[in-house]
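The values are calculated or read from the model by the stated rules, or taken from the named source; none is laboratory data. These figures come from a predicted structure and were not determined experimentally. Here the Cβ positions follow ideal geometry from the backbone for every residue, glycine too, while neighbour counts run over all protein chains shown.
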Amino acid sequence: MSEELVWNDTLAAPRSLATRDNTAVALIEDFGIIDIARPPREAVETRVAGILGTELPMEPWQTVVADAIRIAWTGPLRWRIICARDRAPELRTALADVLGAERVSDLSGAFSSFRIVGATAREILARVCPADLRALDDNSARGTTLAGVKTLLVLESRDANAWLALVPRSFAEHVAMALTEAARTPGSLALFAPAEPPPV
């Protein structure tokens with residue numbers, strides 16, 4: 001990471017990049033990340049659910065959480081599994097036995113993870129993300145971009161306003177700088193405030 005990024009511990013998030021109005025932008029410990037594709041067969045789906053401890057989400061961009069594993073729908077018959085890094089090899093092996101090695105990819109080394117959490121997290125994201133994030137509920141995600149970089153963005157908790165962003169590792173510094181600048185920029189973006197009707 002660039003020396004221009006000043007790490008601090010003013011909030012609970014580990015290694016906070018920037019803080020603003022009780023909101024933190026943090027680069028967090030890397031997750032284990034596994035992408036899977038499955039054939040449309042009920043028997044296979046049942047065996048995968050047995051490994052993961054829950055059924056795969058079937059609605060577009062839905063996520064489910066079980067046994068500290070988050071699973072996000074990323075496309076027809078495709079999912080991304082987010083887990084503790086040390087669990088990824090075991091899960092990959094078990095899933096490959098069911099689905100076939102060609103349908104299971106361990107991408108743990110390919111992504112960096114950011115957490116944006118706190119009162120102004122949604123506004124910070126709005127400065128660098130083109131998606132309308134107002135409609136997202138708990139346990140939902142979006143394939144979008146942050147500062148022009150393809151990103152999987154997950155709403156972890158609407159009440160806590162906590163978001164998880166997975167970005168390609170080679171672009172992590174670029175995204176970190178953009179999020180840091182967005183967090184430190186004063187003033188309200190007012191994207192989510194009621195708009196006055198235009199004069200007639």
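May I ask you to list the residues in the range 22-71 that are of a type in the set (Ser, Thr, Tyr) and farther than 25 Å from ASP137 by Cβ? Break it down stepwise before answering.
Kept after step one, since they are of a type in the set (Ser, Thr, Tyr), are these residues of the range 22-71: 23, 46, 54, 63.
Hit for the range 22-71 is THR46, nothing else.
When the residues of the range 55-74 are filtered to those that are assigned to a strand (DSSP E or B) and either in contact (Cβ under 8 Å) with a residue 60 or more places away in the chain or not assigned by TED's automatic domain parsing to the domain that holds ARG41 (or both), which remaining residue is farthest from GLY32 (Cα to Cα)? Full working, then the answer.
First, pick out the residues of the range 55-74 that are assigned to a strand (DSSP E or B): 62-66, 69-74.
Within this subset, residues satisfying the condition of being either in contact (Cβ under 8 Å) with a residue 60 or more places away in the chain or not assigned by TED's automatic domain parsing to the domain that holds ARG41 (or both) are 62-65, 70, 72-74.
On the way: GLN62: 19, THR63: 16, VAL64: 16, VAL65: 14, ARG70: 11, ALA72: 14, TRP73: 16, THR74: 16 Å.
The qualifying residue farthest from GLY32 (Cα to Cα) is GLN62.
Within the group ASN139, ASN161, which residue is modelled with pLDDT under 95, in contact with a Gly (Cβ under 9 Å, 6 or more places away or on another chain) and in the same structural domain as PHE114 (by TED's automatic domain parsing)?
Details: ASN139 fails: in contact with a Gly (Cβ under 9 Å, 6 or more places away or on another chain).
Going through ASN139, ASN161 in turn, just one is modelled with pLDDT under 95, in contact with a Gly (Cβ under 9 Å, 6 or more places away or on another chain) and in the same structural domain as PHE114 (by TED's automatic domain parsing): ASN161.
Can you spot a residue in the range 113-126 that is of a type in the set (Phe, Trp, Tyr), in contact with a Lys or Arg (Cβ under 8 Å, 6 or more places away or on another chain) and touching a residue at least 40 places away in the same chain (Cβ under 8 Å)?
no
Which count do you get for residues in the range 140-154 that are surrounded by fewer than 17 Cβ atoms within 10 Å (Cβ to Cβ) and under 21 Å from LEU56 (Cα atoms)?
Here the count works out to 1.
So, in the range 1-38, exactly how many residues are part of a loop (DSSP other than H, G, I, E, B), modelled with pLDDT of 80 or more and either of a type in the set (S, T, N, Q) or exposed (fewer than 14 other Cβ atoms within 10 Å of the Cβ) (or both)?
Final tally of qualifying residues: 1.
Does the range 88-106 hold any residues that are out of contact with any Gly (no Cβ under 8 Å at 6 or more places or on another chain), aliphatic (A, V, I, L, M) and either surrounded by 17 or more Cβ atoms within 10 Å (Cβ to Cβ) or assigned to a strand (DSSP E or B) (or both), and which are they?
LEU95, ALA96, VAL98, LEU99, VAL104
What single numbered condition from (1) in a loop (DSSP other than H, G, I, E, B); (2) crowded, with 16+ Cβ neighbours inside 10 Å; (3) within 14 Å of the chain's Cα centre (by Cα) fails to hold for CYS83?
Of everything listed in (1) in a loop (DSSP other than H, G, I, E, B); (2) crowded, with 16+ Cβ neighbours inside 10 Å; (3) within 14 Å of the chain's Cα centre (by Cα), CYS83 misses just condition (1).
Limited to the range 76-105, what total is found for residues that are of a type outside the set (A, V, I, L, M) and within 15 Å of LEU166 (Cβ to Cβ)?
Total meeting the criteria: 6.
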